[in-house]
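Worksheet: one structure, shown below.
The values are calculated or read from the model by the stated rules, or taken from the named source; none is laboratory data. What you see is a predicted model; the values in this text were computed from it and never measured. Every residue, glycine among them, receives a Cβ derived from its backbone with ideal geometry; neighbour counts consider all protein chains shown. The protein model used for the area step is the full one, side chains on, heavy atoms only, and it has no ligands, DNA or RNA in it. Shrake-Rupley method; radii C 1.70, N 1.55, O 1.52, S 1.80 Å.
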Amino acid sequence: MDRKIFSYWFVSCLAIFLFNDFVSSFPSGYTNGYSNGHGSYGISTSNLDYRFYDRSCPRLQTIVKSGVWKAFKDDSRIAASLLRLHFHDCFVNGCDGSILLNDSEDFKGEKNARPNKNSVRGYEVIEDIKTDIETSCPLTVSCADIVALAAREAVVLTGGPFWPVPLGRRDSLTASEQAANTNLPSPFEPLANITAKFVNLGLDLKDVVVLSGAHTIGFAQCFVFKHRLFNFKGSGQPDPNLAASSALLSKLTDTCPNVNSSDSKLAALDAASSVKFDNAYYVNLMNNVGLLDSDQTLMSDSTSAALVKSYSENPYLFSRDFAISMIKMGKIGVMTGSDGVIRAKCGFPG
């Protein structure tokens, strides 16, 4: 057996073994949440299976891995975008691929919701992967599962942890702009509000801290944090935390001058390692230089601050907990069995 293939197989099997206790801790059919009209809106393990496509589409994971790698070679930012795409999908009516749907005569989709418009990326990468999969396994693999697998591959490509992705999700027939506007956490919200949105989905404060660590890669548009540079809380002055780091403040104000035309410019969420998945994000928070309000506010609560400290000191602990939280998030509101559909194209419900 080729050594590279054996290595990947061994790591995959080892990861499944290590996470088996966590996955089996949720009894079959367990849900925690409320109905969204097409399945449970909370964490569920019902009918998801790590080997769901082993017979029906044995090349699935290879195709997804190849598709993400091709996109990443052309655009290193796409790794963070694919991870964010999975997050934004799961937080709106569950992990059902609804974020991929274009607007139709029957509904206004999620692509143009306030948190997503001109912000969420990666739709075309998922569609390209779906096209390749359809060639090998027609009408077999859901777009929701492709999004979940692509997020994992994006993290691994940037040096982050591998985790086994349970599969068997089905795709939704509809999407909701209103639900996206309501359910997705905002970078301007206080920690209590953000945590409440996580708890509503069966997650908790630890998941807030862990999944926020995804901001170790990627970029933010200037309008999201520019108030911290020039007019923090109406003071006409920068946020004292950022001002304490004159070099960082100077760099950010150069990137994001106080003019409207700079709103869509980009700054790294983690300037130390914007394309490397590591624990530097938490080191930044310990130094009071988190870029977004929703990042630095993790230090405002004793419980979340203690977790930040632990992750800043122990990258292996962060990697382990991130993988666990991603598995949990990937089970929010899933449809399985005869619920939902398998889309032929991810942007269209039919």
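Could you list all residues from the range 208-256 that are in contact with a Phe, Trp or Tyr (Cβ under 9 Å, 6 or more places away or on another chain), assigned to a loop (DSSP other than H, G, I, E, B) and open to solvent by 40 Å² or more (accessible area, probe 1.4 Å)?
GLY236, GLN237 - these are the residues of the range 208-256 that are in contact with a Phe, Trp or Tyr (Cβ under 9 Å, 6 or more places away or on another chain), assigned to a loop (DSSP other than H, G, I, E, B) and open to solvent by 40 Å² or more (accessible area, probe 1.4 Å).
May I ask you to list pairs of residues, at least six apart or on different chains, whose Cβ atoms are under 6 Å apart, with the first in the range 77-89 being under 18 Å from ILE327 (Cα atoms) and the second being open to solvent by 10 Å² or more (accessible area, probe 1.4 Å) and small (Gly, Ala, Ser)?
As it stands, the answer is LEU83/ALA214, since those pairs meet every condition given.
For LEU85, only one of the following conditions fails: (1) closer than 18 Å to ILE146 by Cα; (2) of a type outside the set (S, T, N, Q); (3) part of a loop (DSSP other than H, G, I, E, B). What is its number?
(3)
Report, ordered by the first and then the second residue, all pairs with beta carbons closer than 8 Å, sequence separation of six or more or different chains, a first member in the range 251-262 that is within 11 Å of GLN221 (Cα to Cα), and a second member that is open to solvent by less than 40 Å² (accessible area, probe 1.4 Å) and part of a helix (DSSP H, G or I).
Correct list of pairs: THR255/CYS222; THR255/SER262; CYS256/CYS222; CYS256/LEU229; CYS256/SER262; SER262/CYS222.
From the residues in the range 83-120 that are open to solvent by 10 Å² or more (accessible area, probe 1.4 Å) and aromatic (Phe, Trp, Tyr), which one is farthest from VAL341 (Cα to Cα)?
It comes out as PHE87.
What residue, among those in the range 257-284 that are of a type in the set (A, V, I, L, M) and over 25 Å from SER310 (Cα atoms), is surrounded by the most Cβ atoms within 10 Å (Cβ to Cβ)? Spell out how you get there, then give the answer.
Step one: of the range 257-284, the residues of a type in the set (A, V, I, L, M) are 259, 266-269, 271-272, 275, 280, 283.
Narrowing further to those that are over 25 Å from SER310 (Cα atoms): 259, 266-267.
Values: VAL259: 9, LEU266: 14, ALA267: 20.
For the range 257-284, the residue satisfying everything is ALA267.
Does LYS226 meet the test of being out of contact with any strand residue (DSSP E or B) (no Cβ under 7 Å at 6 or more places or on another chain) and within 20 Å of PRO185 (Cβ to Cβ)?
Values: out of contact with any strand residue (DSSP E or B) (no Cβ under 7 Å at 6 or more places or on another chain): yes; within 20 Å of PRO185 (Cβ to Cβ): yes.
Judged against the criteria, LYS226 is a match.
Those residues that are hydrophobic (A, V, I, L, M, F, W, C), touching a residue at least 12 places away in the same chain (Cβ under 8 Å) and either open to solvent by 30 Å² or more (accessible area, probe 1.4 Å) or closer than 17 Å to MET299 by Cα (or both), I need them from the range 179-207; list them, please. Explain how you work it out, then say what you get.
Going residue by residue through the range 179-207, those that are hydrophobic (A, V, I, L, M, F, W, C) are 179-180, 184, 188, 191-192, 194, 196, 198-199, 201, 203, 205.
Going one step further and asking which of them are touching a residue at least 12 places away in the same chain (Cβ under 8 Å), we end up with 179-180, 184, 188, 191, 194, 198, 201, 203, 205.
Within the range 179-207, PHE188, LEU191, ILE194, LEU205 qualify.
From SER142, SER66, which residue is open to solvent by 30 Å² or more (accessible area, probe 1.4 Å), at pLDDT 95 or above and of a type outside the set (A, V, I, L, M)?
Working: SER142 fails: open to solvent by 30 Å² or more (accessible area, probe 1.4 Å).
None of the others qualify; the one that does is SER66.
Which number in (1) open to solvent by 20 Å² or more (accessible area, probe 1.4 Å); (2) at pLDDT 95 or above marks the one condition that LEU60 misses?
Of everything listed in (1) open to solvent by 20 Å² or more (accessible area, probe 1.4 Å); (2) at pLDDT 95 or above, LEU60 misses just condition (1).
Enumerate the helices (runs of 4 or more DSSP H) found wholly within the range 112-199, keeping only those where 2 or more residues are among the charged types (D, E, K, R), out of contact with any His (no Cβ under 7 Å at 6 or more places or on another chain) and not assigned by the TED database to the domain that holds TYR316. Please lay out each step first, then the result.
Working: elements: 123-136, 143-157, 177-183, 191-199.
Here the list reads 123-136, 143-157.
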